[in-house]
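Data first, discussion second: the structure below is written as structure tokens.
A short reminder: the numbers here are calculations on the coordinates, not readings from a lab. The model shown is predicted, which means the values in this text are computed figures rather than measured ones. Counting neighbours? That spans all protein chains shown, and the Cβs are built from the backbone with ideal geometry, glycine included.
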Amino acid sequence: MALADYEHLAARSFEEPHDADLRAAVLVCADALSQIDDPRGPLIAMEHALRDADPRRAIELRKAMHEHAAGEAAGLLAGAAPLMYSGRTLALEWRSGKLFGISVDARYLPKKTKQGAGELVRIVLGAPAASNLRRLSVRVRNDNDTRAILGMLRKLDAPPPLEELDIYTSVWPQRMTPTAQLVMQEHYPHLYYVVHETSTISLPPTGNPLRDTGLDLHDLQRCGPPTAQPARTFLGRALTHASHELRGAALKRIIEHGPLAKVFERVLVTLLQPRVIPPGAGPGVTARALPVVEALRAIGPSRSARRMLDKVASRPADYDAVTRSAAGKATELDRR
């Protein structure tokens, strides 16, 4: 029965929250998969152990998962498997034995192999385990690489259901950029978070660039939790919008949804980086980080997100006293 339930449970785990009951059910599937020597079984077991691992154990588990994926589970990666041996070219985020996120460093290998950045990413997306991929992050050298990757993504016959796309040249985005257009909407209609080199791109929440944002503000008050795809796209686009009003309303809704909005944790951590949120009119840029801290606290931050909150608490040059205090309260238990 566990194997028969696996695909259904794996699909559910791609929707937040990935709670304790769901994890327990998926672990039963992992045992059944391991019994028939399916490489997804050990991957799932290590993935679940990683959730509560201390920093040293987490490093060991990530290394073991990397080696397992490159070896016993190479069939899940197909042509991308050899890239696992190429330094830091490929990092994978597994969920229930499937790829939820992929990070590619396209700065070095294409130069050595004379293989373009777009072709490198195409090979990675061809992995069987990536058919339901939600997050794709690619580190590039210049805008030529960016254009090559975007061109490749537009030509894919069976594009994955991407929701977050980072093609970046710096570790963190440096600004938010409003735009009147969607990004590859015809191929990737569910995108809500897009980074283009050094900027996050503000996408119209409903997909209509001419829509009055006042209507979006009204709809945000009634927006359900991001455990369903339409709500996730709408709320995610409002959260990453350059409009202070839209972003503020989205943060308020995320706080109300609490752990049901945990899918946005990675985006919230990005928004906390200094200078990402534009100053604009109204409250200062540092004060605008307070609702982001409150949203992270409300969703139940992971260990890595708590490390970011700890940095906020210790940087008076970048954050005001109220924001630092709120961030510190979220990490008090870690310091005891």
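Ordered by the count of other Cβ atoms within 10 Å of each Cβ, fewest first, S199, S34, S304 give S304, S34, S199.
Based on DSSP, what percent of beta bridges with both residues in the stretch 133-248 are antiparallel, to the nearest 5?
Around 20 percent antiparallel, to the nearest 5.
If I stretch the segment between A11 and Q35 completely, what's the gain in nm (0.36 nm per residue apart, minus their alpha carbon distance), one decimal? Working shown, then result.
Details: separation 24, 0.36 × 24 = 8.64 nm, distance 2.15 nm.
So the chain would gain 6.5 nm between A11 and Q35.
Relative to a virtual label point 7 Å from the Cα of H66 in the Cα→beta-carbon direction, which members of the stretch 95-116 show backbone nitrogen distances below 14 Å? Within reach of a label on H66: 103-105. Each residue of the chain gets 141 Å³ once the volume of the Cα convex hull is shared out per residue.
State whether the stretch 176-277 is rounded, prolate or oblate according to the following rule on the C-alpha gyration tensor (a ≥ b ≥ c being the square roots of its eigenvalues): a/c under 1.5 gives rounded; otherwise a/b larger than b/c gives prolate, and the remaining case gives oblate. Note, shape of the stretch 176-277 comes out rounded.
3J(HN,Hα) along the stretch 60-72: 4, 5, 5, 5, 5, 5, 4, 5, 5, 5, 6, x, 4 Hz, from the Karplus curve 6.51 cos²θ - 1.76 cosθ + 1.60 with θ = phi - 60°, whole Hz, x for Gly and Pro.
Applying 1/(1 + (r/R0)^6) with r as the Cβ-Cβ distance of A49 and K311 and R0 = 22 angstrom yields a FRET efficiency of 0.25. Electrostatic bookkeeping for P159 treats Lys and Arg as +1 and Asp and Glu as -1; over the other residues with beta carbon under 15 Å from its beta carbon, the sum is +1. Legend: ranking of residues K98, K311, K155 from fewest to most surrounding C-beta atoms inside 10 Å; resulting order K155, K311, K98. By other beta-carbon atoms within 10 Å, ranking R62, R154 with the fewest at the front produces R154, R62. Take the Cα of E186, go 7 Å toward its beta carbon, and the backbone nitrogen atoms of the stretch 124-166 under 20 Å from that spot belong to 147-163.
Restricting attention to the chain, close to 30% of DSSP beta bridges with both partner residues there are antiparallel.
Given a cut-off of 27 Å, name the pairs among K63/K329; K155/K252; K98/K311; K114/K155; K252/K311; K262/K329 whose C-alpha atoms lie farther apart than that in the structure shown. Among K63/K329; K155/K252; K98/K311; K114/K155; K252/K311; K262/K329, the Cα-Cα distance tops 27 Å for K63/K329; K155/K252; K98/K311. The label-point distance for A78 and V171, in a model that sets each label 7 Å from Cα toward Cβ, rounds to 3.5 nm.
With coordinates expressed along the principal axes, the C-alpha atoms belonging to the stretch 208-336 extend over 47, 32, 17 Å, beginning with the largest. Annotation: extensible slack from K155 through A24 equals 43.3 nm (criterion: 0.36 nm per residue apart, minus Cα-Cα distance).
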